[in-house]
Amino acid sequence: MGMLRYSINVTLDGCCHHEAGLPPDEESMRYWTTEMERADALLYGRVTYEMMESAWRKPATGPWPDWMGEWEVPFAETIDRAKKYVVSSTLDEVDWNAELVRGDLGQAVQRLKEESGGSLWVGGVTLPTALADLGLIDEYEFVVHPLLAGHGPTLLSGLRERIQLELVDRHEFRSGAVVQRYRPVRATA
């Protein structure tokens, strides 16, 4: 059975909006690139898929855009070639190495976990909350930035029930951001 990891950047006050002032730096981009390379596939909702595609899909014209720093290219290349699954009831089709996921969310993601045998990586805001409610997330990875946003969507807002987690790994960046990886504490019979 494959593992589903939820990974996201978040501020100290829980804001997980990409425009909350969470600019990537070389160290964090190297980290995200390495982690993404370990995933067998990425799982996104429509909004995150479209946002990532608009930022990280290699242009048909060939070279990466001028705004992209040289240190961002390895991440861009990794996400560009990654296998992607997109959960959407509104999109008719996807490309960019992607496949639509339809039907019952729990059954579809459980099937992906079984078929992958490795690791799936989910990002975004809305989809991970639904997956957490279904008990399908095996690991939570938060890169907590030393910043208070004071607004925006917050991490796992609207979660139906509390999920007890145990810390399994921690890493600090020079910037002061801290990677914290947790696994749900499963009830024992």
Practice problem: Over the stretch 1-107, consider all pairs of different Cα atoms and compute the Kirkwood hydrodynamic radius from their mean reciprocal separation; express it in Å, one decimal. | Solution: 15.3
Self-check item: Cβ-Cβ FRET estimate between A60 and V178, R0 fixed at 41 Å, reported to 0.05
Solution: 0.60
Self-check item: Accessible-area value, W32, 1.4 Å probe, nucleic acids and ligands omitted, Å²
Solution: 20
Exercise. Convert 25 °C to kelvin, take the viscosity as 0.890 mPa s, use the Kirkwood radius over C-alpha pairs of the stretch 132-172 as Rh, and evaluate the Stokes-Einstein diffusion coefficient in µm²/s, rounded to a whole number.
Key: 193
Self-check item: Where K83, K113 fall by accessible area, highest first, once all protein chains stay in place (1.4 Å)
Solution: K83, K113
Quiz item: Could you give the semi-axes, largest first, of the ellipsoid that matches the stretch 24-68, computed as the square roots of 5 times the alpha carbon gyration tensor eigenvalues and rounded to whole Å?
Solution: 19, 17, 11
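Per residue and in cubic angstrom, what volume does the convex hull of the Cα atoms of the stretch 98-178 have?
That works out to 151 Å³ per residue.
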Practice problem: Leaving ligands, DNA and RNA out of it, report the carbon-plus-sulfur percent of the accessible area of the stretch 118-165 at a 1.4 Å probe. | Solution: 54
Self-check item: Zone residues, the stretch 16-34, relative to T126, backbone N less than 18 Å from point 7 Å out along Cα-to-Cβ
Solution: 16-19
Quiz item: Hey, if you put +1 on the Cβ of every Lys and Arg and -1 on every Asp and Glu Cβ in the stretch 1-79, which of L12, Y44, W56 ends up farthest toward the positive end of that dipole?
Solution: Y44
Quiz prompt | Residues of the stretch 30-63 with amide N under 15 Å of a point placed 7 Å along Cα→Cβ from H171 | solution = 30-39
Quiz prompt | Loop GluC sites (Glu not before Pro), the stretch 53-132 (other Cβ atoms within 10 Å of the site Cβ: 14 or fewer; DSSP) | solution = E93
Quiz prompt | Relative contact order (percent, whole number), the chain, Cα cutoff 8 Å, 6+ residue spacing | solution = 35
Quiz item: What is the P(r) of the chain, as percent of Cα-Cα pairs per 10 Å bin from 0?
Solution: 9, 35, 39, 15, 1, 0
Self-check item: Most to least accessible of V179, V144 (protein chains only, probe 1.4 Å)
Solution: V144, V179
Quiz item: Heavy-atom accessible area of D104 with all protein chains present, probe 1.4 Å, nearest 10 Å²?
Solution: 90
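The values are calculated or read from the model by the stated rules, or taken from the named source; none is laboratory data. Note that the structure is a prediction, hence the values are computed from the model and not measured. As a convention, Cβ positions derive from the backbone with ideal geometry for all residues, glycine included, and neighbour counts pool all protein chains shown. Protein only, heavy atoms only, side chains kept; ligands, DNA and RNA dropped before computing areas. Shrake-Rupley method; radii C 1.70, N 1.55, O 1.52, S 1.80 Å.
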